[in-house]
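Written below as structure tokens is the structure these notes are about.
Since every read-out is calculated from the coordinates, none of them should be taken as a lab result. The shown structure was predicted, so the numbers you read here are calculated from the model rather than taken from an experiment. Note that each Cβ is placed from the backbone with ideal geometry, even for glycine, and that neighbours are counted across all protein chains shown.
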Amino acid sequence: MAVSVKDVNELYEELLGRSGASEFLQVWANSGMTLDQIRAGIANSPEGLQYAERQNKDGPVVTEAKEPPETVARQGAFTG
């Protein structure tokens with residue numbers, strides 16, 4: 001099944017505590033990756049790791065968009 005922008009935005013809200021910028025959501029949705037691969041990419045991005053750490057310490061936090069998925073991929077955040 002194809003990944004939709006809505007699917008990716010739900011991951012942003014779950015893993016980053018915010019909605020994604022439309023251009024980044026579209027890049028993820030068109031990446032050819034599975035939803036699980038996208039989940040791993042977002043969760044293991046610098047922003048995703050920081051958000052998860054803050055969730056464990058402080059509760060919910062609102063963050064701003066930092067980098068598009070292709071930048072995260074170049075930083076080695078994707079696992080496959």
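Could I have the simple spin-label model distance between residue 10 and residue 37, label points 7 Å from Cα toward Cβ, reported in nm to one decimal?
Result for the modelled spin labels: 2.0 nm.
Using a Förster radius of 30 Å, what is the FRET efficiency between residue 21 and residue 56 based on their Cβ-Cβ separation? Nearest 0.05, please. Mind dumping the intermediate values first?
Values: r = 26 Å, r/R0 = 0.85.
Using R0 = 30 Å, I get an efficiency of 0.70.
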